[in-house]
Amino acid sequence: MHKGAKFMNTVYFVIGAVAAGKTYFIEHNFKGKDANFIDIYNHQQKIYDSRECGDEFKCLYKANTLLLNDILKGLRQGRDVVVEHTLYKAKRRIAYIDEIRKEFVNVKLEVYVLNPSESRWNLNIKSRQLENIDGIKSLRNQIEFPNPAEGFFKIYNVTDDGIFLKMELPKPEIVEKARKELAEETQRINKDNERHEKHRLLLESMNTRPFWHYCEVCGKREYITADEAYNAGWNYPPKIGTLGLLGSRTCGQCSVTATLFWRFHQSKSIPIYAIKPSMLEYDDLVTWMRIKTEPESLLEQEKTEN
């Protein structure tokens, strides 16, 4: 920021572990303030409920992106923004700050770090009837206290005794390390997205391209399209069932009652998702492994045992 520049708006980050009292603090210390109030929890729930993401990390990443968009939207409207978040890692804070600074040079950033006493925190956890208490407490020990080098104008430590300004000496190495970790993380995400897109296109192509069809009962194999297989009576995905999920794989002459899927489904001794390779005989293991690696396993003919 240039010397003499004036601040336009402020983003207040209220951060801390689960049940540290962030919501209560905001309600009592920002009451009546003309600002946009944003809670990461609402975005996380929206993403989880939509079931549009895969693993937990991707869900959190998408929720963080939505929250960042809301922060930028509020600043574009000329409003202050109050953000409730955990943000216990420096790199998570830097991810927000760098994007905010790209568009708003004169925005003021303040952060309040909630550090309740052990007794107060235990009361909060009990009142919210939270589970996995050990996991919650282990995360608290990983909190990296904010540093002025991250770009904060003011940093406050909030304890049972009050709100205290805590501005330590700037440590630029914190920011350098955070940006390096973020760059590596972005690279991993991009590669993962590329793999998923490649797999999606491959699955889509299975509707029209020929591929190997294997009858797990009689051993018949044919290199045909999904339409040709369906017209010939094959019980095979993608027309019948789903590629990669255990189900019947039979030709038009064999019954599904002789398949691996049928035997496990009828016995009900163990859920299908709990099947392990050690439970299967050789022929069933070949079938199970082929199905688990579809569609790639259907593109080249299997070599038979002599």
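Points to keep in mind about this one:
- Overall dimensions of the stretch 15-169 by Cα: Rg and Dmax, Å: 15.7, 43
- Partners for K137 among aspartates and glutamates (Cα-Cα distance below 20 Å; same-chain residues under 8 apart left out): E56, E84, E118, D160
- Beta bridges assigned by DSSP with both partners in the chain are antiparallel in approximately 30 percent of cases.
- Whole-number accessible area per residue in Å² for the chain, which is evaluated in the context of all protein chains at 1.4 Å: 60
- Scanning the chain for GluC sites (Glu not before Pro) in DSSP loops with at most 14 neighbouring Cβ atoms within 10 Å leaves 169-280 as the longest stretch between them.
- Rg to Rh quotient for the stretch 157-289, alpha carbon positions, Kirkwood Rh: 1.33
- Ellipsoid semi-axes in whole angstrom, largest first, where each is sqrt(5λ) of the Cα gyration tensor of the chain: 55, 23, 17
- Accessible carbon and sulfur surface of the chain relative to its total accessible area, %, 1.4 Å: 51
- Result for the chain in a Gaussian network model with C-alpha springs under 10 Å: among N69, N29, N106, the largest mean-square fluctuation is at N29.
- Computed with a 1.4 Å probe over protein heavy atoms only, the accessible area of R93 comes to about 10 Å².
- The orientation-averaged projection of the convex hull spanning the C-alpha atoms of the stretch 131-207 amounts to 9.4 square nanometres.
- Flagged links, alpha-carbon separation over 30 Å, of K108/K177; K154/K180; K102/K191; K126/K191; K198/K276; K22/K58: K126/K191
- Heavy-atom accessible surface of D160, to the nearest 10 Å², is about 90 Å², with a 1.4 Å probe and all protein chains retained.
- Remark: relative contact order (the chain) = 15 percent; criterion is Cα-Cα distance under 8 angstrom and separation of 6 or more residues.
- Cα gyration tensor shape of the stretch 86-159, rounded if a/c is under 1.5, else prolate or oblate by comparing a/b with b/c: prolate
- Calculated [222 nm] ellipticity per residue, helices only, for the chain: -13500 deg cm²/dmol; basis is -39500 (n - 2.57) per DSSP H run with n ≥ 4, divided by all residues, nearest 500.
- Fraction of beta bridges assigned by DSSP in the stretch 69-199 that are antiparallel (%, nearest 5): 45
- Dipole magnitude for the stretch 75-179: computed about the Cα centre from +1 point charges on Lys and Arg Cβ and -1 point charges on Asp and Glu Cβ, it is near 220 debye.
- If only the Cβ of Lys and Arg carry +1 and only the Cβ of Asp and Glu carry -1, the dipole of the chain around its Cα centre is close to 880 debye.
The values are calculated or read from the model by the stated rules, or taken from the named source; none is laboratory data. From a predicted model like this one, the values you see are computed outputs, not experimental measurements. Cβ coordinates were reconstructed from backbone atoms using ideal geometry, including for glycine residues, and neighbour counts include every protein chain displayed. For the accessible areas, the whole protein counts, side chains as well, though only heavy atoms, and no ligand, DNA or RNA atoms are used. Shrake-Rupley method; radii C 1.70, N 1.55, O 1.52, S 1.80 Å.
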